1. Find, among the chymotrypsin sites (Phe, Trp or Tyr not before Pro) in the stretch 16-94, those assigned to loop by DSSP (not H, G, I, E, B) with at most 16 other beta-carbon atoms within 10 angstrom.
2. Among 23-35, 56-68, 7-19, how do they line up from the highest to the lowest mean number of other beta-carbon atoms within 10 Å?
3. Assigning unit charges at the beta carbon (Lys, Arg +1; Asp, Glu -1) and nothing else, what dipole magnitude in debye, to the nearest 20, does the stretch 1-69 show about its Cα centre?
4. Around Lys33, what is the net charge, scoring Lys/Arg as +1 and Asp/Glu as -1 over all other residues with Cβ under 14 Å from its Cβ?
5. Shape call for the stretch 20-94 from the C-alpha gyration tensor, a ≥ b ≥ c root eigenvalues: rounded (a/c under 1.5), prolate (a/b greater than b/c) or oblate?
6. How much accessible area per residue does the chain have, counting only protein heavy atoms and a probe of 1.4 Å, in square angstrom?
7. Any chance you could list the semi-axes, whole Å, largest first, of the equivalent ellipsoid that the Cα gyration tensor gives for the stretch 1-57, using √(5λ)?
8. Quick one: with all protein chains in place, what share of the accessible area of the chain is carbon or sulfur, to the nearest percent (1.4 Å probe)?
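The values are calculated or read from the model by the stated rules, or taken from the named source; none is laboratory data. Please read these numbers as outputs of a predicted model, since none were measured by experiment. Counting neighbours? That spans all protein chains shown, and the Cβs are built from the backbone with ideal geometry, glycine included. Ligands, DNA and RNA are excluded from the accessible area calculation, which covers all protein heavy atoms including side chains. Shrake-Rupley method; radii C 1.70, N 1.55, O 1.52, S 1.80 Å.
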Amino acid sequence: MSGAVTGDAMWALEAAAMRGGWTAESLMDLAGKRLALRMMDLFPHPGCVIAYLGKGHNSGDALVALRVLRGAGWRVAARAAFPQTEWSVLGRRK
């Protein structure tokens, strides 16, 4: 798959971005926004999307994406595998 990276490679990319001045939250906001924009490119007519959330930072990315999609007229929903008290701090913030 072109463009795919391993988990270790992603950690290294994130660490390099943070050394360059990015924060975990700014990376999360960018990832979520880019995910939503890509979905809108692939599916140009608003639809319905459900995000299945874990308790790590990826759940925050997904919640940012849902917010962007909702603002573009999509119907959105989220289902959590864990109670919010177990989520990452940034995930809860989003």
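1. Counting only loop positions with at most 16 other Cβ atoms within 10 Å, the chymotrypsin sites (Phe, Trp or Tyr not before Pro) in the stretch 16-94 are Trp22.
2. 56-68, 23-35, 7-19
3. Result for the stretch 1-69 is approximately 100 debye, rounded to the nearest 20.
4. That works out to +1.
5. It is oblate, given that a/c is not under 1.5 and a/b is not larger than b/c.
6. 69 Å²
7. They are 24, 14, 13 Å, listed from largest to smallest.
8. The C+S portion of the solvent-accessible surface of the chain is 59 percent.
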